[in-house]
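Worksheet: one structure, shown below.
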Amino acid sequence: MNLIRYSPQPVDLFDNVSRWFDDLLSEPVSGRSAPAVDLRENDAQYLMEVELPGLAEKDIEVKLENNLLTISSRKEEKTEEKKNGYLLRERRSAHFSRSFVLPEDVEREKIAAEFKNGILTLTFPKVPAAQPKTIEVKAT
């Protein structure tokens, strides 16, 4: 027989159940709440690689608003199986949203996105550095 210590503090079972359902319904892509992101920089550009396994190009949205880049996805799956007089229906929904503040030296009009083999690759070209200009003085 196990003894359990009495706790005078009430335990809110519904809070735990609610949290469990929230976790279940917001099941992340590949078991994560947000996808893994790798960032690299070289002299000409920034490069971002986002791991999105199991998603298709149509499931992904990339939005640029002012200086904020947001990558998001919503995927819903429904299956129905009829077998031996039974009907099985399952629904699954997964979503995420992740935002990044872009550096000031990004050429926003030239940002490019490519999706291949579950990897979203975003390229952010840098604004060419302003070079000092020498003005020739002519005699008149």
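Among the residues making up the range 99-125, a single one is in contact with a Pro (Cβ under 8 Å, 6 or more places away or on another chain) and basic (Lys, Arg): 110.
Wholly within the range 63-140, which strands (runs of 3 or more DSSP E) include no fewer than the required count, namely at least 2 residues that are exposed (fewer than 14 other Cβ atoms within 10 Å of the Cβ) and at pLDDT 95 or above?
Filter on the range 63-140 gives 112-116.
Scanning the range 80-134 for residues that are touching a strand residue (DSSP E or B) at 6+ places or on another chain (Cβ under 9 Å), farther than 14 Å from residue 69 by Cβ and among the aromatic types (Phe, Trp, Tyr) turns up 96, 115.
Figure legend. Inter-residue proximity from the range 96-117: first residues touching a residue at least 60 places away in the same chain (Cβ under 8 Å) and more than 22 Å from residue 57 (Cβ to Cβ), second residues open to solvent by less than 50 Å² (accessible area, probe 1.4 Å) and outside any strand (DSSP E or B), beta-carbon distance below 9 Å, spacing 6+ or different chains. Indicated pairs: 106/67. Among residues that are closer than 18 Å to residue 46 by Cβ, of a type outside the set (S, T, N, Q) and more than 22 Å from the chain's Cα centre (by Cα), residue 126 is included.
The values are calculated or read from the model by the stated rules, or taken from the named source; none is laboratory data. Bear in mind that the values here come from a model prediction, so they are computed numbers and not experimental data. Using ideal geometry, Cβ is built from the backbone for each residue, glycine included, and neighbour counts are taken over all protein chains shown. What goes into the accessible areas is simple: the full protein's heavy atoms, side chains included, and nothing from ligands, DNA or RNA. Shrake-Rupley method; radii C 1.70, N 1.55, O 1.52, S 1.80 Å.
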